[in-house]
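Below you'll find the structure, written out as structure tokens, and then a few comments.
The values are calculated or read from the model by the stated rules, or taken from the named source; none is laboratory data. This structure is a prediction, so every number in the text was calculated from the model and none was measured. Don't worry about glycine lacking a Cβ; one is built from the backbone with ideal geometry, like all the others, and counts go over all protein chains shown.
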Amino acid sequence: MNALKIVRLVAMAVAVIGAFTAIPEAALIMAVIGLVMGVMGDMADNSNRTYMMVFAVTLATVAGAAGPLPLVGSYISDIMGNMSTIMNAAALGIILSAMKDRVMD
């Protein structure tokens, strides 16, 4: 198991745990995890970068869609909202990495 997989597992754990309990400074924790994921990600080609960027936008759009479901809807929406925060920060990390690559070339 490489470091990126561990970061991804930690991101999922924080997103799920954050939906059920209050985590102090949760937004900061999710932003840092997302930035690390974006910078560490396997973004050697543009298709991986594009996939992650589209995924972040799509997740932000549909994060609250499960809200009307009885009993579990609010939890699913909270988990998807937390993952949206993480993935948006990952998208920022990808953009910063791409900018660094362009400057360094």
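Assorted remarks:
- Residue match in the range 42-51 (condition: within 13 Å of the chain's Cα centre (by Cα) and either under 19 Å from L96 (Cβ atoms) or free of Cβ contacts under 8 Å to residues at least 24 places away in the same chain (or both)): yes
- Positions within the range 68-94 being surrounded by 13 or more Cβ atoms within 10 Å (Cβ to Cβ) and over 14 Å from the mean Cα position of the chain (by Cα), in sequence order: G73, S74, Y75, I76, S77
- Inter-residue pairs, beta-carbon under 6 Å, first more than 22 Å from L96 (Cα to Cα) and in contact (Cβ under 8 Å) with a residue 60 or more places away in the chain and in the range 19-36, second part of a loop (DSSP other than H, G, I, E, B) and among the hydroxyl-bearing types (S, T, Y), 6+ apart: none
- When the criteria are applied in full, V54 meets the requirement of being surrounded by fewer than 14 Cβ atoms within 10 Å (Cβ to Cβ), at pLDDT 85 or above and among the aliphatic types (A, V, I, L, M).
- Residue count for the range 7-66, restricted to those that are not in a loop (DSSP other than H, G, I, E, B) and not aliphatic (A, V, I, L, M): 14
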